[in-house]
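Take a look at the structure set out below.
The values are calculated or read from the model by the stated rules, or taken from the named source; none is laboratory data. Quantities reported herein were computed from a predicted structural model and do not represent experimental measurements. All Cβ positions, glycine included, derive from the backbone under ideal geometry; neighbour counts span all protein chains shown.
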Amino acid sequence: MVKERVLQTDGTDAYSGILQLRCSNGKKLLAILDFVRSSATPTAISKITITRQGYDVYISNKGFFNRMLGVLVKRFGGSIKHSKQLVTQDRQTSKRVYRKIAVLRAPPFEKGDVVSVSGKLVKITDITNRITGLDLVTGKRTSFKPSNEASVKKHKVYKAFVSQKKPKLKLLHPLTYQPVEPANIEAASKRDSYNVVVYRNRVYVIEP
């Protein structure tokens, strides 16, 4: 079984570091790769390979390599783990030459997603090394670290139509089509529909 294949190469093996891109969301992973490629100068990237875990970007420009690390975390979230690879050692001076390796592990969710984690229903508003957002149950700001992706569940967003505006707002449940009161708002606006999620058998409006 082939473990990796070359996606792009300039025909040389010259590079100063490897940026390994990892994300369980394939669409987001490709977006990260596209961002790196579009940000690079023509000679900054010597090779890109596809592995079973993601993409390995071989970078020949040290400045671009270091700059990308902070930019990627700020834009896509997650964390960076650093290591180094021994390339050669001078026989006379015993000086060792290393190449940098940096692994970006980005969370699979994005701004605007609604997730449940640790008993909270959160609409994500910002992603860096911590995830911040609005708790739709309490209406308060909250944050968490995406250290365990298995504990975070992304919820599907539905469009629920208004069935009653007064005296209390009622929406047609997106799964049962029965009129229900949303759990987190009471007063109706002039809108005829709302984007909602279903959490613990109750309907929550994402944008009141």
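Things worth noting here:
- Among the residues listed as ILE59, ILE101, the single one being under 21 Å from THR128 (Cα atoms), hydrophobic (A, V, I, L, M, F, W, C), at pLDDT 90 or above and within 26 Å of the chain's Cα centre (by Cα): ILE101
- Among the residues making up region 168-208, those that are among the charged types (D, E, K, R), closer than 21 Å to LYS153 by Cα and exposed (fewer than 15 other Cβ atoms within 10 Å of the Cβ) are ARG200, GLU207.
- Members of region 12-53 that are touching a strand residue (DSSP E or B) at 6+ places or on another chain (Cβ under 7 Å) and of a type in the set (Ser, Thr, Tyr): THR12, TYR15, SER16, SER46, THR49, THR51
- In summary, strands (runs of 3 or more DSSP E) completely within region 134-208 and bearing 2 or more residues that are within 23 Å of ILE124 (Cβ to Cβ) occur at 141-144, 158-164, 193-199, 202-205.
- The set of residues in region 20-56 that are within 24 Å of THR132 (Cβ to Cβ) and not hydrophobic (A, V, I, L, M, F, W, C) comprises ARG22, SER24, ASN25, LYS27, LYS28.
- VAL117 vs. criteria in contact with a Phe, Trp or Tyr (Cβ under 7 Å, 6 or more places away or on another chain), surrounded by 14 or more Cβ atoms within 10 Å (Cβ to Cβ), modelled with pLDDT under 95 and outside the structural domain of PHE35 (by TED's automatic domain parsing): yes
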